[in-house]
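Student: I have a structure I would like to understand better, so I am pasting it below and will then ask my questions one at a time.
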Amino acid sequence: MGTLKVSLRPLRDGCILSGADVLDIRLLMIFVRRITPQGNPSGDRSKEACYSLETAMKKIEAVIKPFKLEEVKAALHEIGLQGITVTEARGFGRQKGHAELYRGAEYVVDLLPKVKIELVVDDGLVERAVETIQQTAHTGRIGDGKIFVLSLEEAIRIRTGERGPNAL
């Protein structure tokens with residue numbers, strides 16, 4: 001069985017719960033005494049902060065040029081990532097589209113074709129995945145795209161009910 005990597009996130013200031021409030025391991029709360037950066041000069045150690053246990057998973061969304069899709073898919077497969085979602089999209093960034101000539105008439109194409117790739121990875125693979133997408137999708141021209149990295153609270157495999165990194 002692998003190691004589960006977790007991070008602590010404050011829920012709210014001064015949150016106090018009793019042990020009876022914690023009924024489900026997924027809702028496990030860890031009570032940590034709040035100590036100021038100066039070492040708690042006030043001596044008040046009675047106030048507790050409430051933290052939730054989170055699994056460290058991230059969702060990566062990349063919007064790229066359509067002709068780069070096959071290259072990016074192959075590169076992600078090479079580094080061991082599997083399971084991506086691809087959506088055809090249209091949009092614009094700084095270039096705000098371009099003008100085209102069709103049968104002698106000029107018209108503006110303001111929504112350019114793009115491809116959106118979504119994947120969920122363990123926190124330890126985020127940098128490698130982002131680097132792979134960035135290097136593979138790069139053309140050096142305007143409109144190469146964007147990569148977004150978001151924190152992910154939960155992942156659930158519908159078929160088995162597995163949760164967290166096991167569901168990936």
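The values are calculated or read from the model by the stated rules, or taken from the named source; none is laboratory data. Keep in mind the model is a prediction, meaning the values are calculated, not measured. In this analysis, Cβ positions are derived from the backbone assuming ideal geometry, glycine residues included, and neighbour counts consider all displayed protein chains.
Student: Scan the stretch 117-168 for residues that are surrounded by fewer than 17 Cβ atoms within 10 Å (Cβ to Cβ), in a strand (DSSP E or B) and over 14 Å from the mean Cα position of the chain (by Cα) and jot them down.
Tutor: Correct list: Ile156, Arg163.
Student: Out of the residues in the stretch 73-116 that are surrounded by 13 or more Cβ atoms within 10 Å (Cβ to Cβ), of a type in the set (A, V, I, L, M) and under 22 Å from Ser151 (Cα atoms), which is farthest from the chain's Cα centre (by Cα)?
Tutor: By that ranking, first place goes to Val115.
Student: Please state which of the following conditions Gln95 fails to meet, knowing it meets all the rest: (1) within 30 Å of Arg163 (Cα to Cα); (2) modelled with pLDDT under 85.
Tutor: Gln95 satisfies every listed condition except (1).
Student: Here's another thing I want to ask about it. Please state which of the following conditions Leu119 fails to meet, knowing it meets all the rest: (1) aliphatic (A, V, I, L, M); (2) under 23 Å from Glu71 (Cα atoms); (3) out of contact with any strand residue (DSSP E or B) (no Cβ under 8 Å at 6 or more places or on another chain).
Tutor: (3)
Student: Can you list residue pairs whose Cβ atoms sit under 7 Å apart, with the first residue in the stretch 91-114 being under 13 Å from Val63 (Cβ atoms) and the second being modelled with pLDDT under 75? Count only pairs 6 or more apart in sequence or on different chains.
Tutor: Filtered contacts from the stretch 91-114: Leu111/Gly97; Leu112/Gly97.
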